[in-house]
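Structure, as structure tokens:
The values are calculated or read from the model by the stated rules, or taken from the named source; none is laboratory data. Keep in mind that what you see is a predicted model, and the values were worked out from it rather than measured. No Cβ is skipped: glycine too gets one built from the backbone with ideal geometry, and neighbour counts run over all protein chains shown. For the accessible areas, the whole protein counts, side chains as well, though only heavy atoms, and no ligand, DNA or RNA atoms are used. Shrake-Rupley method; radii C 1.70, N 1.55, O 1.52, S 1.80 Å.
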Amino acid sequence: MLLNRANSGGRWRIRPDGPGKVTGSLTYLTDLTRENMLYGLVLRSEHPHARLARIHTGKAKQLHGVRAVLTHEDVPGLNAFGIANPDQPVFCKDVVRYVGDAIAAVAADSPAIAKQALSLIEVEYDLLETVDDPEMALLPDAPQLHPGGNALHRTSFCKGDTAAGFGQCVHIVEETYYTPRQMHTYMETEGGLFVPEANGRLTVYSPTQHGFMDRMQLARILDMPQTDIRVVSSPIGGSFGGKDELNVQPYGALLALRTGLPVKIHNSRWESVRAGLKRHPMKIRMKTGTDASGKLIAHAVDILADTGPYSTLGAEVLNFATEHVIGPYRYSNLSVMGASAFTNNGMSGEFRGFGGNQAIFALEGQMDRLAERLGMEPWAFRKLNMREPGDPGPFDQPIAATEGAGQVWEAVAKSPLWLEKLNRSQTVTCEPWIKTGIGAAFTMHGAGLGFGIPDPAGGRLQLAPDGKIEAVFSYEEFGQGLLASLELMLIEQFGFAAEDIRIIIGDTDVVPDSGSTTASRATAMMWKSLQRLKEPFLEQMLGRASSVLGIPADLLRLSEGGIRLKENGEAALQLTYKELAQADGAEIRCDTSFHFPVSSTDRVGAHFMYTYSAVAVKAEVNTLTGRVKVLEQFHAVAAGPVINPQGFLGQIEGGSSMALGFALTEEALMEKGFYVTRNMDTYLVPTIAEHRGKVTVLPIEELPAGDEYGPRGIGEVGSVTVAPAIAAAIRDAAGVWVSRLPVNPLELQDVPFFLKEGGDRG
Amino acid sequence: MNEHAVRLGTPYKLSCSVNGSRHEIETAPSARLLSILRDDLALTGAKRSCEIGRCGACMVLVDGKPVNACLTMAYQCSGKSITTIEGLSTINGNDPVQLAFMEEGGFQCGYCTPGMVISVKALLESSPDPSDDEIAEALSGNICRCTGYGGIWRAVKRAVEGRRSSG
Ligand code: FES
Ligand code: FES
């Protein structure tokens, strides 16, 4: 059944954060202010690569209204951060490696004074050669950015013998694919408020996707016990992976502790562009061959990622890309090599899709090219080579088996768009320069962080003294609808009314560490937590109710507003939750903690749970302008039960919009290590005008009998298959194979027919 | 006094009405309306995002017309009546546009939402039954990074109906 409001009935609900958001009354962390608050700013490098000769802060310190000027000398603990490997300096000491590198930070009475103070800090640089090309970075004589060399990480995965395999192939396609430096462009730039408390603790109000990780990293920098730091991290004005790593927090925290006053930092857009993460630009070379019947015999892949100056999650992104260039197909011979190179370009890091977007664009491009070479219908070609439900995962690792691949394949095969493609008759339009085409793409996308990476999960249910049922998790709300999903699960699984529930998230002082809100994992982990908490929580609640009421617990049930008798359904309340909370006895509270399910493999990063998705799009190419318009999209998503219909639809629609930008308009351009793109006038996020086409979403909820993992993630999958489907539609429409994103309109421009005629005559 | 006024040394008193109440604000003539609203009046519903007039997160109504508060200067507001998102909610509950955004899921992170709601409000005031072309044009200055605009299309259509039936 298609996912929309009408089909969802009462499950389509107003989100609990809706009223605050539509009335503007919700206070974001960058909206916070305090009396006596100072304004913080960070001085960043003027050059992509240079030695720092001297830093003079004297004049800045003397400016009236300046309360602190900090440099590397003022970091009490570790002068570095990074989720996986702390190699990014909080403040650079000897060398700057990109134009976002921080050199100093100031706190002042007003933003204007802070800005003036920055201009008074004198930095002497000795320029070094800029490494602005990952290929060049890996050459032996390239300037080395780190003691360990310029290769952050290398991957490989091989089976069989690809050289021999290609010898047996009848059809071979070779292509190199390029993908852009895409920017998250969350509408709320990085920022927050940093408050030194009277008791010596520090409160950090600043968005992140994993409050406990920020707390650990800050404790390391500040040389403070973690328990002396409180991180409040929701609500968030968008993140998409971009705020998972630390950004302004070290500077706000250091300045607040130094001055003893609250400090606010809120990045300008340019500061956000300059310092923030982007999607890894990748160059992916593929050589793929089949036998005469179309069976895949050999697949050789070479991935090169530009990871920028520091690690953050660059290695993990490459692992993910390595897994997803293999994808849902079976090959007899396989060889994948990957490298992620340090450069003096902007920072690359975590971004929705996590390396899958680039990988799947390339892999699906190969499938379409091979099908055409074989003269086969591209969808039938995929079916021929697709994995079987019981097959191992891309790295030959055991995975949670589902029928997802076949289900989404079939959904697209039967979709009106695909039928339209198959049954299309040549129509002559009155605008012959407008060409339409239909294309489709397919994926299995991993959820969770993968084998070998700590991926804790868990949560708590408790009855508060005021009678509210409190659900406590460390997950974050950055717009995806986590609060709404959790509320709906509590209503449906426990029988509570919305008013009975209080959800507590995003505050390290009160929530248990449920792991990160990343990798399409949070909804699945909340679902699993509630499954585990249900029995013990029911037992405690009904047990207490039983002793208050003198009625056996097995005759009672939880319901809206309080406890009712199991029999005669809607009968009067026996006991309100408030009365239950006030009854004598120990606190009613249940905790659970467990690990995200992982595969029994030794391949770091290999996944156990996958979401399957297939997308068909219809696009229109204007061969005069070279512009592409997406007219219609059909998404089939096999991810287990739909927890929250509105949220599910929103994630697929929103993810697909990001993919549309990735395919057609978005690129943060750099030249010699400097950003050319500085703001949203030249960084083109899709607007409503690019989104006039229909988007249809078909969720496939069925899971194999006995599946204990429930919902798979859907936060990323909408963003990974749209670009290759658009590329296929462009080929279908205009006969051009696109291998570089965003699509360059020049490649699609045709010589107008009237000029062609003239040319003939001439 | 606002920092701009301090820096520029140009004393200026802006008198205007914000959400129905009169204000006299010491500022500089070139101070941005967005900063006046957020920093001087503590009205944080209008958001700061691009500050170059591209994204619409800062949108407010000046004499009923939608403007980018990040570009509008204090002197341009003199004697004007300014409505921010905070001024839209009526005592009887939310405005039909706000209701429609909630019912259709026209938001996710919500950061673009105040500006978006203001733009929709202005559109429907001038054109109660807009065509798709009009909607696309009126909202193309409001960037939403989260929703892919599906929920926003649905919300606008619903708001049109909502206003008709409540009208
Ligand atoms: S902040 Fe004003 S238009 Fe973007
Ligand atoms: S809801 Fe997040 S930007 Fe629109």
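Here are the numbers for this structure:
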read-out	value
Spacing of the two label points (7 Å from each Cα toward its C-beta) at A:Asn568 and A:His64, in nm	8.0 nm
Viscosity 1.306 mPa s, 10 °C: Kirkwood-radius Stokes-Einstein D of segment A:417-486 over Cα pairs, µm²/s	85 µm²/s
Average other protein chain Cβ within 10 Å of Cβ, residues A:110-117	3
Separation of alpha-carbon centers, segment B:85-146 and segment A:59-101, rounded to whole Å	42 Å
Point-charge dipole on Cβ atoms (K/R +1, D/E -1) for segment A:606-762, about Cα centre, debye to 20	400 debye
Kirkwood estimate for chain B, i.e. one over the average of 1/r between Cα atoms, Å	16.3 Å
Global geometry of segment A:332-441, whether rounded, prolate or oblate, following the gyration tensor of its Cα atoms and the 1.5 cut on a/c	oblate
Cβ-Cβ FRET estimate between A:Glu135 and A:Ala164, R0 fixed at 22 Å, reported to 0.05	0.20
Peptides ranked, highest mean first, by Cβ atoms within 10 Å: ranges A:703-711, A:311-319, A:164-172	A:311-319, A:164-172, A:703-711
For segment B:3-87, fraction of C-alpha pairs farther apart than 18 Å, in %	34 percent
Residue mean of other protein chain beta carbons inside 10 Å, B:40-53	5
Sum of -39500 (n - 2.57) over DSSP H runs of 4+, divided by residues of chain B (222 nm, nearest 500)	-9500 deg cm²/dmol
Percent accessible area from carbon and sulfur atoms, chain B, protein chains only, probe 1.4 Å	49 percent
Spin-label model distance (nm) - A:Asp94 vs A:Leu127, 7 Å beyond Cα toward Cβ	2.3 nm
Residue-wise HN-Hα coupling along segment A:58-72, computed from phi with Karplus coefficients 6.51, -1.76, 1.60 (Hz; x: Gly, Pro)	x, 5, 5, 5, 7, 5, 5, x, 8, 9, 7, 10, 10, 9, 4
log10 of Debye I(q)/I(0), alpha-carbon scatterers only, for segment A:580-704 at 0.09 Å⁻¹	-0.50
1.4 Å probe accessible area per residue over segment A:456-595, in Å²	39 Å²
Sulfur and carbon atoms: percent of accessible area, chain A [1.4 Å]	51 percent
Fluctuation leader among B:Gly64, B:Gly45, B:Gly115 - chain B, Gaussian network, Cα springs under 10 angstrom	B:Gly64
Rounded D (µm²/s) - the protein assembly as shown, Kirkwood Rh over Cα pairs, Stokes-Einstein at 10 °C, 1.306 mPa s	55 µm²/s
Whole-Hz ³J(HN,Hα) from phi, Karplus 6.51 cos²θ - 1.76 cosθ + 1.60, for segment A:714-727, glycine and proline x	10, x, 10, 5, x, 9, 10, 9, 5, 4, x, 5, 5, 4
Point-charge dipole on Cβ atoms (K/R +1, D/E -1) for chain B, about Cα centre, debye to 20	240 debye
Net charge dipole size for the protein assembly as shown [Lys, Arg +1 and Asp, Glu -1 on Cβ; Debye, nearest 20]	980 debye
Fully extended contour minus Cα-Cα distance, from A:Asn744 to A:Asp591, at 0.36 nm per residue	49.8 nm
Among B:13-25, B:133-145, the order from most to least packed when residues are scored by Cβ within 10 Å on average	B:133-145, B:13-25
Virtual spin-label span in nm between A:Glu579 and A:Ser600, 7 Å along Cα→Cβ	5.1 nm
Span per principal axis, largest first, for the Cα atoms of segment A:287-389 (Å)	46, 22, 21
Ordering of A:365-376, A:228-239 by burial proxy (mean other Cβ atoms within 10 Å per residue, highest first)	A:228-239, A:365-376
Per-residue average of Cβ from other chains inside 10 Å of A:678-690	6
Chain A: calculated mean residue ellipticity at 222 nm from DSSP helix runs of at least 4, using -39500 (n - 2.57)	-8000 deg cm²/dmol
Scattering curve values for segment A:32-151, log₁₀ I(q)/I(0), Debye with Cα scatterers, q = 0.11, 0.14, 0.17 Å⁻¹	-0.44, -0.67, -0.89
Per-selection metrics, segment A:456-595 (Cα): Rg and Dmax in Å	15.1, 47
Gyration tensor verdict on segment B:96-166 (Cα atoms; rounded if a/c is under 1.5, prolate if a/b is larger than b/c, oblate otherwise)	oblate
Chains B and A, summed buried accessible surface - 1.4 Å probe, Å², nearest 100	4200 Å²
